[in-house]
Amino acid sequence: MRASSPAALLWALGWLLWGPGPSPFPSLRPPPSSSSSSSSSSLPAASAQAVWTAWLNVSWRLPGRNESFWSAGESGVFGQDSPLRRAEGALVAPDGLDACSPSANFSGAPPAAAAAPTPWLALIRRGGGCTFSEKIQAAARRGAAAAVIYNYAGGTGTDIQTMTHPGTGNTVAIMISYLKGKEILHRMESGFQVTMVIEVGKRHGSWMNNYSIFFVSVSFFIVTAATVGYFIFYSARRLRLARAQNRRQKRLKADAKKAIGRLQLRTLKQGDKETGPDADNCAVCIEVYKPNDVRRRGCGEESGGLTGLLVGTLDAVLDSTSKVAPFRILHQTPDSQVYWTIACGTNREEITAHWNWLEENVMKTLSVFDSNEDITSFVHGKIRGLIAEESKGSLIKEEDPERFREAHMKFGKCFGLAEQEKLVTYYSCSYWRGRVPCQGWLYLSTNFLSFYSFLLGAESKWGHVIILRFYFSELEKTSNVILTESIHVCSRGEDHYFSMFLHISETFLLMEQLALYAVRRLFDKETFEDDPVLCDPLQITKRGLENRAHSEQFCAFFRLPKEEILQEVHECFLWVPFSHYNTLGKMCVSENYVCFASQDGSLCCIIIPLREVIAVEVADPASKAITIAVRGQRAFRFSELRDFEHLTAKLRRKCQASTSPQHSAATEVASFPNADLLLDDREGPPMASHKDSSKTVSTEALMTVFHPQDAENLDSKMLKEKMKEQSWNILFIECGRGVGMFRTRKTRDLIVRGIPEVLRGELWLLFSGAVNDMAANPGYYAEVVERSLGTCTLATDEIERDLRRSLPEHPAFQSDTGISALRRVLTAYAYRNPKIGYCQAMNILTSVLLLYAKEEEAFWLLVAVCERMLPDYFNRRIIGALVDQAVFEDLIRDYLPQLTEHMTDMTFFSSVSLSWFLTLFISVLPIESAVNVVDCFFYDGIKAVLQLGLAVLDYNVDRLLTCKDDAEAVTVLNRFFDSVTNKDSPLPPAVQQASSGNEGKSPHPKVDITDLIRESNEVKATASNCWLSWDRSLCSSDTLISELRVVSQEVKISPSNLEELYELFKREHFLSCYWTLDAPALKHHDPSLPYLEQYHIDCQQFRILYHLLSPWADCTNRDSLALWTFRLVDENLDGLINFKEFASVLDVMYHGSFTHKLKLLFKLHIPPGEENKNNNNNNCSAGPSLSVLRQFLLSHPGKGKIDIQAYLKQWQDELLKKEENIKDLPRMDQSQFIQFSKTLYNLFHGDAEEELLYRAIATVTSLLLRMEEVGRKLQNPASLVEGQAPPVPDSGAEGGRRLQEGQSTSLPEGKVGAQRQSKVNHEWSFAFEQILASLLNEPVLVRFFERPVDVKAKLENAKATQLKARAQV
């Protein structure tokens, strides 16, 4: 007893702390039943508190049908008093479901008097006013082998509790969730025979042994004692400080009384001069504080001791809204104890600005009020009105604007980003620096991920973490031993981990959305231009992003138009008439559609267009069921809808609004009282096509025209084709036909086998969602065809060239019928979508569509493929295909690592697979096999192409591993594609000649396309983070190094510094694109260009980088130098420069010789550098002539005639251009030389040898002017008049400074007019050789220009200050 007393105490403490609840770690498979039985027999007394889960295998079958279904999972919990053993049998529900009466009747149970009674299990509902023991005993009396009790309907419906049921003997008792029980009950009520097998699952709670309880309890006591001790210490310190402050106030009060007592007191009366407006008086107000008032310190104030540090840390981590700002302006009504905060600030300057504004705008108005209460009301209303007015134009659009405003202000002050950077949301989390966590706040803005922490009095400068979202190369959720769940961000080779989120899934999805948004804004500009929300980053909010993500997933899953917005989601049951059971899933409601998907997404899926709905009725209020009736005498029944009445009324309004005039005229049924009778009627007509078509539009599929089926002469392949048709007709009878058909696993199985020829066009139209587009736009295609006929554009020229190349072996495209139909479809789409126009591979895809679909249907199929299923595939840049190829490379790394190790360059797979993605394997597979791939594509999307590509590589992996080069690997793949056949294809031999002609030459065994597709479906391919994957491929080190190698051959900057310089250049490009909506760099960004030519900067961005990187940035006229340098480098006059031009000019400043640097300065002061002599401000405009030329070049591209010969001549001149000779430089005139001298003086400011440099420049300037004077006298001695010599500065530094200020040192004032009159005749100028020779005579000048520059330090400083410099613009 003595030994067990401490253990019993610790066990009781552990019970209070953790309780008997089930473990959160579910088991995937149950242990064998024999081990479960042995465990129950040797169960110790302490394990009575443990929890055992139950593994349930539920199967159901409809009587009379040889088809069964089953589901298994660890979805039950054994009761506390239940034996742990296996039980099985048919499920039987009691009459009334509660079984509270001792004589409860189980009408479906087998008779207990039988010789060998059939085992059965009782399914009982919890509740009814009785205990678990009474329910279980009632079932046991009737002979039930076990009692299965399902929980209440409260909560999420998935809650399970542990039952206590003493006195039930050896009867097995388990509890399942409400949703699971209702699902089983619905199947039983539908006539299914439901059988359940109960296996013993895992035991949870045995890990809580005495040692662990002792350790955890001791730890708990230690932590509790430390916490209590800290708060006692903190409270004592506050009490001590309060008392000290009280004593200090008393002492100050006494001193103040003494001081006031010594003052001369005077009673002022009305009319005294001191009360006048011009009196100079000072009023001293002593504020009376309540006793023991404590003022909390702000984060920016000094605080001593460990306690102050801990308080500051808690303030930063908890971000309490009750914190008091260091400076405040309070308003107090006289005779009131309440203070109202009017303004607050973090420093004295800020609060002073607030006070000055109040004096100017508020205090002057207070004199008109009679009472203090009116003044208080006016001040309150004024301040609240200002806050409301500010909120209208602010970026704060969240549910809690006050709290979000505080976070937004803190975000701006902590990170110093531009005002255009919008904060989306923020989370409390931990950032891991190695193995040390830093608790703080994660801020997610439109373009950056930022983290701030304040721990123990020090800001973590990863507390000032700022990551540009475009640099995200990896974003994933991870878990390990230390971090159970964390978010991993990889940016520019650095790994960052964030954990301790309250809702990590929500945070991750939002981060992923923002990262993809940042990338797509640069590479998918067309999408952003069409979207008013995405086009303006300031309109992005957390709620808007979440709604957008849900709507995109909704449209992608159900193949709906992109304009559909998900409005409501309801969890409910759908009655499946052909299987006679209710399936659990979610109903999704948008403006024009009602959709349903079962829990696993593939068991059952339907789409109900509201245009097809004729009635919405409440079917059964007791089961919260509604019925939606559609045309074709079909109806859908949804039950267990929580707000079913409101949903019914809303759907009725939507149906009335969406009913078209032609439909309303033909529909006379306003209600549908007998909708339940239609649940078993599965007949439905095929989809009808529109009759409104132009005379030029073909109304038949080309396959029916050129290959009609002969019903009398049926060979073996045609018989198989008829069997396929019969299988689909049976499916149509069961699941319906048309848009509202049930899509089940059986549908997918039939698609894998191949769609029959006669149904292919109809089902392509259905599964792609093109049927909805065509129904919403009747007559659209005929109108577009009529408008597009006769147009002549670049797209139509390309279409004409490719018409004869589209399936040339097929007879349909050897005649004018097929060619004309193909021309009309492609031209109509180019007219509809001029941003895409026409792209190669569209002709191949469209020709296959025309074989099996009518012309208008083929057009809408092409619209669905190009604009919804494969966005950004068919354009000049084929970005969508590049993105999916990057995903394909990632999948190869995951599924075929041996192939990845063998291939030296992963770009081989991208080059080979490009045609696979663009043509859906049509260009590489025989036509009879390629159409089966198209079948799967229209049902599963791009996932089918990715899976098939992996299956092809996996099938040939052994042969590819033996290949020595890329050409041999391409040969292996081509031979494999030639060996792929479709043994069930009914196409005539004339079409299959291309594939059958190589049968004897192919060393590969024949592979059936159906078997290949089945194998590909086993690969679980996913396309998440596709844009990030593509960005990672673009930003790979190999690609960057290879591109930078080209530039490094022309500059002397080291490769490492050149890479850092490129990152700065690219980052400046991104910042301009993100913070300037109409940035020229964003408009001209083309990701299809080579890596170094994609990014450009304009003059303003160049000025920022010039200030950060130039060794001459300390010059007082650095803005003018930046402008002149930009004009000099911008040779094509487009207002933008690329990285190569940028690096070349910096290379001269860093590593150029004295001659090269001087030549650069010389060229800056002559056109085109200094185009306007008087334009020395920091305006980055390029002058009138450049502006006119740029407007001519950039406005209306493609209009007017282009002089090709001039461009060719310019190109030839650039190829033949040699190194510039100093003799070819023009001479520098008088005004340019004066500005050149000023620039040299400004360069020397602050240098250690500043005085010597000034003297040297003055000497050189004086020498040059005297040389010019002598030269002019020798050329024309009579031209110079006495007294009109050019001004010669003094040789000292003072004379040089006067020249720098633009003053004439030797010209008398009275002769200025005479000089101006003869300026034209006596203008003097200098050649570059003269200036160079003069400056070489001064060693101090040569030392200044040849002084080495620490490029690494410049780059590091620029990286640290780039964001701050950009935010100040």
Discussion item. On the principal axes of its Cα set, how long, how wide and how thick is the stretch 51-132? Give whole Å, largest value first.
Written reply: 41, 32, 26
Item to complete: Could you rank LYS413, LYS422, LYS542, LYS746 by how accessible they are, 1.4 Å probe, largest area first?
Response: LYS413, LYS746, LYS542, LYS422
Practice prompt. Just order 797-803, 426-432 by mean Cβ neighbour count inside 10 Å, highest at the front, would you?
Written response: 426-432, 797-803
Discussion item. For the stretch 84-159, what are Rg and Dmax over the alpha carbons, in angstrom?
Written reply: 12.7, 45
Practice prompt. Of the listed pairs LYS182/LYS202; LYS410/LYS1364; LYS586/LYS624; LYS586/LYS650, which have alpha-carbon separations greater than 19 Å here?
Written response: LYS182/LYS202
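Quick one: if the Förster radius is 45 Å, what FRET efficiency do SER911 and VAL569 give, using the C-beta to C-beta distance and rounding to 0.05? Let's see the in-between values first.
Numbers: r = 43 Å, r/R0 = 0.96.
Taking R0 as 45 Å, the efficiency between SER911 and VAL569 is 0.55.
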Worksheet item: Any idea of MET723's accessible area? Nearest 10 Å², probe 1.4 Å.
Response: 130
Practice prompt. Using R₀ = 45 Å, calculate the FRET efficiency as 1/(1 + (r/R₀)^6) where r is the Cβ-Cβ separation of VAL705 and HIS550; round to 0.05.
Written response: 0.50
Worksheet item: How would you rank 73-84, 628-639, highest first, on the average number of other Cβ atoms within 10 Å across their residues?
Response: 628-639, 73-84
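Calculate the FRET efficiency for GLU373 and ALA657 from the Cβ-Cβ distance with a Förster distance of 41 Å, rounded to the nearest 0.05. Write down the numbers at each step before the final one.
Details: r = 53 Å, r/R0 = 1.29.
The value I calculate is 0.20.
Can you put ILE540, ILE232 in order of accessible area, largest first, using a 1.4 Å probe?
From most exposed to least exposed: ILE232, ILE540.
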Practice prompt. Could you check the simple spin-label distance between ASN246 and ILE819, using points 7 Å along Cα→Cβ, in nm with one decimal?
Written response: 10.5
Worksheet item: What accessible surface, in Å², does a 1.4 Å probe find on ASP894, ignoring ligands, DNA and RNA and rounding to the nearest 10?
Response: 110
Practice prompt. Using the Karplus curve 6.51 cos²θ - 1.76 cosθ + 1.60 with θ = phi - 60°, work out ³J(HN,Hα) for each residue of the stretch 89-102 in order, rounded to whole Hz, and write x for Gly and Pro.
Written response: x, 6, 8, 10, 9, x, 5, x, 6, 8, 6, 8, 7, x
Worksheet entry | Amide H contacts of ARG433 (H built 1.01 Å from N, under 5 Å, at least 5 apart or other chain) | CYS438
Discussion item. Give me, ordered by chain and number, the residues 5 or more places off PHE327 or on other chains with an amide H under 5 Å from its own placed amide H.
Written reply: GLY345
Worksheet item: Cα centroids of the stretch 851-899 and the stretch 588-653: how far apart, whole angstrom?
Response: 33
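Run the numbers for SER727 and PHE1154: contour at 0.36 nm per residue of separation, minus the present Cα-Cα distance, in nm. Walk me through the intermediate numbers first.
Details: separation 427, 0.36 × 427 = 153.72 nm, distance 8.58 nm.
The span from SER727 to PHE1154 would gain 145.1 nm if fully extended.
Show TYR1062, TYR497 ordered by accessible area, largest first, where the area counts protein heavy atoms only and the probe is 1.4 Å. List each step's numbers first, then the result.
Values: TYR1062 0, TYR497 75 Å².
From most accessible down to least: TYR497, TYR1062.
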Discussion item. For THR981, what residues show an amide H to amide H distance below 5 Å, using hydrogens built from the backbone and excluding near sequence neighbours?
Written reply: VAL1007, ASP1008, ILE1009
Item to complete: Compute the length gained on full extension between LYS257 and ASN356: take 0.36 nm times their separation in residues and subtract their Cα-Cα distance, giving the result in nm to one decimal.
Response: 32.5 nm
Practice prompt. Kindly report, to the nearest 10 Å², the accessible surface of ASP966 as traced by a 1.4 Å probe over protein heavy atoms only.
Written response: 80
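The values are calculated or read from the model by the stated rules, or taken from the named source; none is laboratory data. Please read these numbers as outputs of a predicted model, since none were measured by experiment. Positions of Cβ are backbone-derived with ideal geometry, glycine not excepted, and every protein chain shown enters the neighbour counts. For accessibility, only protein heavy atoms count, side chains too; no ligands or nucleic acids. Shrake-Rupley method; radii C 1.70, N 1.55, O 1.52, S 1.80 Å.
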